[in-house]
Amino acid sequence: MIFVENLNKKFGPNHVLKGIDCHIREREVVCVIGPSGSGKSTFLRCMNGLETISSGSIVINKHRLDDSKTNINLVRQEAGMVFQHFNLFPHLKVIDNVMLAPLKVAKTSKEEARAKAEMLLTKVGLAEKMDTFPGNLSGGQMQRVAIARALAMDPKIMLFDEPTSALDPEIVGEVLAVMKDLANEGMTMVVVTHEMGFAREVADRVIFMDQGRIVEEGTPEEIFSSPQHGRTQGFLSKVL
Amino acid sequence: MALYFGDLLPYSSLLLEGLWTALYITLVAMLAGSALGVLVYLGKVGPGKPLSILCTCYIEAIRNTPLLVQLYLIYFALPALGINLEPVWAAVIGLTLNNAAYTAEIYRAGFESVPHGLREAGKALGMKPGQIVRYIILLPATRNVFPALTNQLILLFLASSIGSIISLPELTNAIMSVSNTTYRTIEVLAVGGLLYLGVSALMSLASKRAETTLFRWAVGTHV
């Protein structure tokens with residue numbers, strides 16, 4: 001589903017990703033953990049072209065991201081993204097936030113887009129907030145709307161960029177619960193996160209990154225209970 | 001000094017017609033100029049290098065020359081090229097082109113004030129750059145610069161008085177002709193000034209009203 005080969009990303013002289021190799025299978029839930037500045041968010045953002053690739057290749061559902069002939073907008077429709085700061089459209093009601101891309105990008109009919117949006121908002125537990133503007137929602141509610149908005153394009157993959165890092169601790173759970181449901185339904189997910197509990201419980205595989213490289217990867221059990229690498233051990237001893 | 005405002009009464013309809021002309025020219029130039037201003041800004045920051053240079057030159061040329069000179073050029077120089085414009089068209093075009101350069105700069109501030117994350121969210125949904133501008137950025141940007149646009153509207157309304165020099169029958173032109181007929185110069189200037197003041201104040205008030213209804217969504221948000 002996602003093949004990453006020798007991925008390098010440089011911001012000027014700053015070498016952020018140094019040769020990432022990674023294969024993510026269909027229906028797999030992969031959590032990427034690591035200290036800040038390790039390149040995990042950049043890695044995620046490369047997967048839907050929000051960052052350009054300096055060298056190497058990424059293939060998502062047979063689309064080659066490093067090929068300039070690839071229509072990046074098609075890739076993005078197949079890979080939904082959820083951001084740390086939600087990025088909801090403030091001038092659109094919750095339901096219109098969810099309906100915008102289906103209407104304008106997928107060109108679905110208004111009735112169909114609306115039915116879909118209502119279904120998704122019900123799924124994330126926000127059916128009663130449909131006609132509210134984002135400014136009147138709590139952080140947890142905003143992030144759940146953002147998840148519904150990304151799902152509205154029927155993505156085959158969901159990318160989560162620290163989806164709970166901007167939330168108060170007591171409302172992190174409501175967002176994680178929605179993500180867990182999604183994982184159980186078989187969505188392919190790549191989650192950059194600091195929620196070790198979530199990674200341990202939901203992930204099929206955990207990737208530990210440091211200084212632009214994948215240092216270690218394995219099942220949650222392997223990574224959390226018996227990390228092999230010194231840097232993984234050091235990181236986990238600080239966060240667990 | 002005695003003031004005789006009564007002498008102006010027979011000319012009140014002339015003054016009001018002048019006011020109406022000033023008002024509708026201002027509104028047309030504001031709407032058309034703002035739309036053009038957004039396009040000029042987008043051209044300036046867009047990927048096309050020649051267009052970007054052209055838009056920058058346009059903005060700088062307009063902002064660094066007097067409106068009076070611009071209007072003269074449109075009204076007196078264009079006929080040399082075979083283009084003859086009625087005063088009202090010359091004024092509308094002149095004010096629109098002038099306003100567009102200023103609104104392009106206002107919108108620059110507006111677009112830059114919208115958080116980058118909104119653009120990224122649009123991109124991540126597969127939206128094209130034009131769709132992102134139209135459906136995601138434009139309204140929050142407009143909201144952020146609405147007070148500046150209101151200011152520009154009032155400046156434009158007052159600047160419409162320059163139309164009088166190309167014999168456009170707007171308010172200042174009406175004031176001058178009433179003054180010439182009645183010799184009640186001070187009285188008619190006072191009345192005319194009050195008309196400008198009153199309408200400008202109304203514009204300010206209407207804009208505040210419009211702000212709360214147009215941007216209901218913005219209550220409690222900081223974008």
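Here are some notes:
- Antiparallel DSSP beta bridges within the protein assembly as shown, as percent of all bridges there, nearest 5: 55
- From most to least packed by mean Cβ count within 10 Å, the peptides B:24-30, A:69-75 give B:24-30, A:69-75.
- Beyond 31 Å in Cα-Cα separation lie the following of the pairs A:116/B:128; A:69/A:104; A:129/B:128; A:93/A:238; A:18/A:238: A:93/A:238.
- Here the calculated FRET efficiency for residue A:107 and residue B:49, from their Cβ-Cβ distance with R0 = 35 Å, stands at 0.60, rounded to the nearest 0.05.
- Burial ranking of peptide ranges B:169-176, B:141-148 (average Cβ count within 10 Å, highest at the top): B:169-176, B:141-148
- Residue by residue along A:155-164, Cβ atoms of other protein chains within 10 Å of the local Cβ number 1 on average.
- On the basis of the beta-carbon distance and an R0 of 56 Å, residue A:8 and residue B:190 show a calculated FRET efficiency of 0.15.
- With each label modelled as a point 7 angstrom along the Cα→C-beta vector, the residue B:155-residue B:113 pair spans 1.5 nm.
- Backbone HN-Hα couplings from phi across the stretch A:177-192 [Karplus 6.51/-1.76/1.60, Hz, Gly and Pro as x]: 4, 5, 5, 5, 4, 4, 5, 5, 7, x, 5, 6, 9, 10, 10, 7
- Residue B:72 versus residue A:240: modelled label distance in nm, points set 7 Å from Cα along the beta carbon direction: 8.2
- Cα long-axis angle, helix B:185-214 against chain B (0 to 90 degrees, to the nearest 10): 20
- Acute angle (nearest 10 degrees) that the helix A:94-104 long axis makes with the longest principal axis of chain A, alpha-carbon atoms: 80
- Rolling a 1.4 Å probe across all protein chains gives residue A:25 an accessible area of roughly 120 Å².
- The stretch B:30-46 and the stretch A:183-231 have Cα centres separated by 48 Å.
- Against chain A, whose longest principal axis comes from its Cα atoms, helix A:230-239 is set at around 40 degrees.
- Measuring how big the stretch B:61-145 is from its alpha-carbon positions, Rg and Dmax come out at 18.3, 53 Å.
- The accessible surface of the protein assembly as shown, taken with every protein chain in place and a 1.4 Å probe, is 59 percent carbon and sulfur.
- Heavy-atom surface of the protein assembly as shown, accessible at 1.4 Å and reported per residue (Å²): 47
- Once B binds A, the 1.4 Å probe can no longer reach about 2000 Å² of accessible area, counting both sides.
- Contact residues in the stretch A:42-85 (at least 20 Å² less accessible area with all protein chains than alone, 1.4 Å probe): A:45, A:50, A:73, A:76, A:83.
- Sorting the segments A:88-94, A:171-177 by their mean number of nearby beta carbons within 10 angstrom, highest to lowest, gives A:88-94, A:171-177.
The values are calculated or read from the model by the stated rules, or taken from the named source; none is laboratory data. Keep in mind it's a predicted model, so treat the numbers as computed, not measured. Positions of Cβ are backbone-derived with ideal geometry, glycine not excepted, and every protein chain shown enters the neighbour counts. Protein only, heavy atoms only, side chains kept; ligands, DNA and RNA dropped before computing areas. Shrake-Rupley method; radii C 1.70, N 1.55, O 1.52, S 1.80 Å.
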